[in-house]
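Encoded as structure tokens, the structure appears first; notes follow it.
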Amino acid sequence: MAKGSIPDRDITASSKLNSDSSAFHARLGNTKAWIPETNDKHPWIQVNLQYRRNLTAIVTQGFNGSFVKSYYVSYGDDGGSWMNYTVKGKIKVFSIKINNK
């Protein structure tokens, strides 16, 4: 995603704060970021990978002192039905380790 191989139109989100915080700005190393509306109680970002792929890592990056503290991953192949990634039958919640330089 960081390299731009996924088109902007294939990166969507539940909301955006303003035109500078659209979902496609959620690429690593970007000078802008995806920021949901402040009243979005369940923000999500969706990436259409076009075909089945094996993901081996997901990397997150904070922006101007703002960052995600935890998230979970859901997947599907029809754009409407989603399954949560689980480990031993429990939804896997990924906690973010903050890397302070």
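When you go through (1) in a loop (DSSP other than H, G, I, E, B); (2) open to solvent by less than 70 Å² (accessible area, probe 1.4 Å) one by one for Lys41, which number turns out not to apply? All conditions are met except number (2).
Residues in the range 1-30 that are in a loop (DSSP other than H, G, I, E, B), under 17 Å from Val68 (Cα atoms) and open to solvent by 60 Å² or more (accessible area, probe 1.4 Å): Lys16, Leu17, Leu28, Gly29. The residue of the range 48-68 that is nearest to the chain's Cα centre (by Cα), among those that are over 18 Å from Ala23 (Cα atoms) and open to solvent by 100 Å² or more (accessible area, probe 1.4 Å), is Leu55.
The values are calculated or read from the model by the stated rules, or taken from the named source; none is laboratory data. Worth saying up front: this structure is predicted, and the values here are computed from it rather than measured. Keep in mind that these areas ignore ligands, DNA and RNA; they rest on the heavy atoms of the full protein, side chains included. Shrake-Rupley method; radii C 1.70, N 1.55, O 1.52, S 1.80 Å.
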